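The values are calculated or read from the model by the stated rules, or taken from the named source; none is laboratory data. For clarity, every value in this text was computed on a predicted model and none was experimentally measured. Neighbour counts run over all protein chains shown; Cβ positions are idealised from the backbone, glycine included. Heavy atoms of the whole protein, side chains included, go into the accessibility calculation; ligands, DNA and RNA do not. Shrake-Rupley method; radii C 1.70, N 1.55, O 1.52, S 1.80 Å.
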Amino acid sequence: MERTFWSLIKHKIRTSVYIMYGFPTETVEDFKATQDMLGRLDNPYYMYNRFIPFPGSVLFDYCVNHNLVSLPERLEGWPEYLMRFSNRSISPKCLR
């Protein structure tokens, strides 16, 4: 990824880095490694997007099976479920 990034820069192609964080198995060290990588890339424009465990995905099942998420009891609770995973704060763990 870094080699491709610098190749784009060399050819004057504008770059942006989009990073997903908060995966259920992500550690603080993983998150720090991502920040270190951004430093090696000379701190380009980047955007963090938080992982959201959506129903029907393998990682959703993982989060449910490991009690990493609390599911809404009613349909009306799903908007709040999504807001719990918004980009309001950066944390390398699923929120309950």
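Which of the residues belonging to segment 26-43 are within 15 Å of Phe5 (Cα to Cα) and among the hydrophobic types (A, V, I, L, M, F, W, C)?
Once the filter is applied, which keeps residues that are within 15 Å of Phe5 (Cα to Cα) and among the hydrophobic types (A, V, I, L, M, F, W, C), segment 26-43 yields Met37, Leu38, Leu41.
Within segment 4-42, which residues are outside any helix (DSSP H, G or I), under 23 Å from Phe85 (Cβ atoms) and of a type outside the set (Ser, Thr, Tyr)?
Narrowing segment 4-42 to residues outside any helix (DSSP H, G or I): 11-27, 41-42.
Subsequent filtering for residues that are under 23 Å from Phe85 (Cβ atoms) retains 16-27.
Those that are outside any helix (DSSP H, G or I), under 23 Å from Phe85 (Cβ atoms) and of a type outside the set (Ser, Thr, Tyr): Val17, Ile19, Met20, Gly22, Phe23, Pro24, Glu26.
Would you tally the residues in segment 3-42 being open to solvent by 60 Å² or more (accessible area, probe 1.4 Å) and touching a helix residue (DSSP H, G or I) at 6+ places or on another chain (Cβ under 9 Å)?
Residues meeting the conditions: 6.
List the pairs whose first member sits in segment 23-52 and is on the phi > 0 side of the Ramachandran plot, whose second member is assigned to a helix (DSSP H, G or I), and whose Cβ atoms are under 9 Å apart, counting only residues at least 6 apart or on separate chains?
Asp42/Ile9
Looking only at segment 65-78, filter to residues that are open to solvent by 80 Å² or more (accessible area, probe 1.4 Å) and part of a helix (DSSP H, G or I); which one of those is nearest to Pro24 (Cα to Cα)?
Taking the candidates together, the pick is Asn65.
Taking only segment 53-64 into account, find how many residues are free of Cβ contacts under 8 Å to residues at least 12 places away in the same chain, part of a helix (DSSP H, G or I) and surrounded by 10 or more Cβ atoms within 10 Å (Cβ to Cβ).
Qualifying residue count, segment 53-64: 3.
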